[in-house]
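Peer 1: Here it is, the structure in full.
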Amino acid sequence: MLSRKNKLLLFKLLSLFSVVRGYNVLIITLAQYLASIYILAPDWPLRKVVLDINLFLIVTASALVIAAGYIINNFYDAEKDLINKPTKSMLDRLVSQKFKLTTYFVLNFVSIVAASYISFKAVVFFSAYIFGIWIYSHKLKRIPLLGNLVSATLAISPFFVVFVYYKNFEPVIFVHAIFLFLLILSREIIKDLENLAGDIAQNYKTFAVVYGVSKAKLLIGCLLLFTMIPAYLLIHDFKVGYMYLYFYLCIGLILAVLVLLFRGTSKKQYVYMHNLLKLIIVLGVFSILLIDVDLVLNRVI
């Protein structure tokens, strides 16, 4: 049996993991590696990609900045989350705001140190990334639509830095990026519907607050329909191996979200739609393996 002190320590560790969204950071880390192996550097030997120290430092710096970003976002949204996510908010409060801020600065500092071993350009990129997350959390997220656009852009930035590192400018990369960007942007606006009560209470001027739920739904519907365009192109115009099965599944799930979207009226329904889009994104990470199912055998040497 754990002592009371050890139980408290365990809960604080769980609280910190919740604040930094550890599960999201792990998924993004895995996605960067899989994208590097299967999409960005398909002609490199597997061992060369996996053991590339610069890629490791890029992924590490990205993970640290993203974790720090979740902390600063949690810091600014503390009051709003008490309304929108009361259970999670109580868990997050087991760790003091002072400790969260200290961790935020430490994570960002270590990320810059890691970037400095890559190049000066990497230091500039990650410094700008840190600033972008802070200004988004502090100011931009309160501005209708701009906040959503910036959030989606920040979400795909870790893939942009890996893309630049490998200097792979194939059209398929851009089509994948557009597909992911539109999915994330749709999810961000659905989250605004989900968090409407807290946004109104804390005077957040999101698209749903300023223009109303109906127009927000219309915008989300248009974005989801546009998402099907890159999905269709990736199925028919590019070589993506068996990953085409994932895109067919995506089209089906997106149609289901569209039906739910225009029928949905409650927070529970918006949460369900949000989770469906999150599922599409997470499945997309693992479906990268379908691009070349024989890769491990063919590229080990």
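FYI, it's all coordinate maths here, none of it is from the lab. Note that this is a predicted model, so its numbers are computed, not measured. Here the Cβ positions follow ideal geometry from the backbone for every residue, glycine too, while neighbour counts run over all protein chains shown.
Peer 1: When only C-alpha pairs under 8 Å and at least 6 residues apart count, what is the relative contact order of region 15-169, in percent?
Peer 2: 31 percent
Peer 1: What is the sum of charges around Phe181, taking Lys and Arg as +1, Asp and Glu as -1, for the other residues whose C-beta is under 12 Å from the C-beta of Phe181? Please report the intermediate quantities before stating the final value.
Peer 2: Working: positive: Arg187; negative: Glu188.
Combined, the nearby Lys, Arg, Asp and Glu give 0.
Peer 1: Per DSSP H run of at least 4 residues, take -39500 (n - 2.57); add these up for the chain, divide by its residues and hand me the 222 nm value, nearest 500 deg cm²/dmol.
Peer 2: So the helix-based figure for the chain works out to -25500 deg cm²/dmol.
Peer 1: Could you give each residue of region 144-155 its phi-based ³J(HN,Hα) in whole Hz, using Karplus coefficients 6.51, -1.76, 1.60 with θ = phi - 60°, and x for Gly or Pro?
Peer 2: After applying 6.51 cos²θ - 1.76 cosθ + 1.60, I find x, 6, 4, x, 5, 5, 5, 4, 5, 5, 5, 5 Hz.
Peer 1: When the chain is treated as a GNM, springs tying every alpha-carbon pair under 10 Å, which of Lys141, Lys239, Lys191 comes out with the largest mean-square fluctuation?
Peer 2: The residue that fluctuates most here is Lys239.
Peer 1: Which residue fluctuates most in the GNM of the chain (Cα springs below 10 Å): Asp77, Asp43, Asp199?
Peer 2: Maximum among the listed residues: Asp43.
Peer 1: For region 47-82 and region 180-241, compute the distance between their C-alpha centroids and round to whole Å.
Peer 2: Cα centroid of region 47-82 versus Cα centroid of region 180-241: 23 Å apart.
Peer 1: How large is the charge dipole for the chain, taken about the Cα centre, if only the Cβ atoms of Lys, Arg (+1) and Asp, Glu (-1) carry charge, to the nearest 20 debye?
Peer 2: Values: 29 positive and 14 negative charges, 224 e Å.
That gives the chain a dipole magnitude of about 1080 debye.
Peer 1: For Cα pairs less than 8 Å apart in space and 6+ apart in sequence, what is the mean separation divided by the residue count of the chain, i.e. the relative contact order in percent? Can you show the working numbers first?
Peer 2: Values: 322 pairs, mean separation 64.1, N = 301.
The value is 21 percent.
Peer 1: Given a 10 angstrom Cα cut-off, can you work out which residue in Ser15, Ser266, Ser186 is the most mobile in a GNM of the chain?
Peer 2: So, out of Ser15, Ser266, Ser186, the one fluctuating most is Ser266.
Peer 1: Another one. Can you pull the three principal axis extents for the Cα set of region 15-169, in Å, largest first?
Peer 2: Here the Cα extents, ordered largest to smallest, are 50, 31, 27 Å.
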